[in-house]
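Data first, discussion second: the structure below is written as structure tokens.
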Amino acid sequence: EAQVTQNPRYLITVTGKKLTVTCSQNMNHEYMSWYRQDPGLGLRQIYYSMNVEVTDKGDVPEGYKVSRKEKRNFPLILESPSPNQTSLYFCASSSGLAGPRYFGPGTRLTVT
Amino acid sequence: GDSVTQMEGPVTLSEEAFLTINCTYTATGYPSLFWYVQYPGEGLQLLLKATKADDKGSNKGFEATYRKETTSFHLEKGSVQVSDSAVYFCALSGGKNTGFQKLVFGTGTRLLVSP
């Protein structure tokens, strides 16, 4: 089954404690991206990756890092989480820039 | 920059009612337009898309027509079901300012359908 998986689905952490949210897709897609969803703001892109070792900033990259060492994986790293990063995070992939995005189920992060 | 505006919800309907969710966009060039649906506790799923003016996207009884003259992409369904209750997002990609590397989303419209 074609899918995008994210782990964990739910995470509560404290300010400053480094964390990683994993994202993996099994469709051999070149393009992957991360979004955060906040009430009243819709979804905003954090980072995207056109292929292995090629990443770039989206609209709200501050406080986040990403890496793309393998085609199937695109982890999101918060080196020092802060409460304003409390949000619902989605990973997405597609076979090309103009293709439909396949979204993961989401990771709900709470930073206290 | 490019942007998408959706009607605020929630939209509350009875089963078998007609649905319209308005979406307008601001973008230069020739963006592609999308509707995504988010069911409770799940990620977003592509519902339909249109890539050029006058194209009609359709899926599962939902339709939307790309109207360049009114910069709109309204979502319609003739007869909603309880199972259509979800949040619906209008989005665009490929505008001259945005390019194709991201989707620009509206804020979402919650639909509640009662039996």
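Give the accessible surface of the range B:8-86 per residue, rounded to a whole number of Å², with probe radius 1.4 Å and ligands, DNA and RNA excluded. Could the numbers behind the result be given before it?
Values: 3880 Å² over 79 residues.
Heavy-atom SASA per residue in the range B:8-86 reads 49 Å².
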With the full set of protein chains present, the residues of the range B:14-44 whose 1.4 Å probe accessible area falls by 20 Å² or more relative to the chain alone are B:Phe34, B:Tyr36, B:Gln38, B:Gly41, B:Gly43, B:Leu44
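Would you mind telling me the share, in percent, of accessible area of chain A contributed by carbon and sulfur at probe 1.4 angstrom?
Values: 2710 of 5260 Å².
C and S fraction of accessible area: 52 percent.
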So the pair-distance distribution of the range A:10-60, from every Cα-Cα distance in 10 Å bins, comes to percents of 19, 43, 34, 4
Phi-derived 3J(HN,Hα) across the range A:87-93 with the Karplus relation (6.51, -1.76, 1.60, θ = phi - 60°), rounded Hz, x for Gly and Pro, is 5, 9, 10, 10, 9, 9, 9
Among B:Phe105, B:Phe73, B:Phe18, the residue with the largest mean-square fluctuation in a Gaussian network model of chain B built from Cα contacts under 10 Å is B:Phe18
Mean separation of Cα contacts under 8 Å (at least 6 apart) over the residue count of chain B, i.e. the relative contact order in percent, is 37
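Quick check on chain A: what are the equivalent-ellipsoid semi-axes from the Cα gyration tensor, as sqrt(5λ), descending, whole Å? If you can, show how the numbers build up before the last one.
On the way: eigenvalues 98, 38, 35 Å².
Whole-Å semi-axes of the equivalent ellipsoid: 22, 14, 13.
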A:Gly99 neighbourhood, Cβ < 11 Å, K/R = +1, D/E = -1, net charge +1
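Quote the total accessible area buried by chains B and A together, excluding ligands, DNA and RNA, probe 1.4 Å, nearest 100 Å². Could the numbers behind the result be given before it?
Details: alone 6030 and 5970 Å², together 10520 Å².
The contact between A and B buries close to 1500 Å².
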Reduced to Cα centres, the span from the range A:1-66 to the range A:72-90 in Å works out to 7
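Distances over 24 Å make up what percent of all Cα-Cα pairs in the protein assembly as shown? Mind dumping the intermediate values first?
On the way: 11260 of 25651 pairs.
Cα-Cα pairs of the protein assembly as shown separated by over 24 Å account for 44 percent.
Taking the solvent-accessible surface of protein heavy atoms with a 1.4 Å probe, what is the per residue accessible area of chain A in Å²?
Details: 5260 Å² over 112 residues.
Result: 47 Å² of accessible area for each residue.
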The whole-number value in µm²/s of the Stokes-Einstein translational diffusion coefficient for the range B:1-101, with Rh from the Kirkwood sum over alpha carbon pairs at 25 °C and 0.890 mPa s, is 176
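The values are calculated or read from the model by the stated rules, or taken from the named source; none is laboratory data. Only a predicted model underlies this, so the values are computations on that prediction, with no experimental measurement involved. Cβ atoms come from the backbone with ideal geometry, glycine included; neighbour counts cover every protein chain shown. Just so you know, the surface numbers come from the protein's heavy atoms only, side chains and all, with ligands and any DNA or RNA stripped out. Shrake-Rupley method; radii C 1.70, N 1.55, O 1.52, S 1.80 Å.
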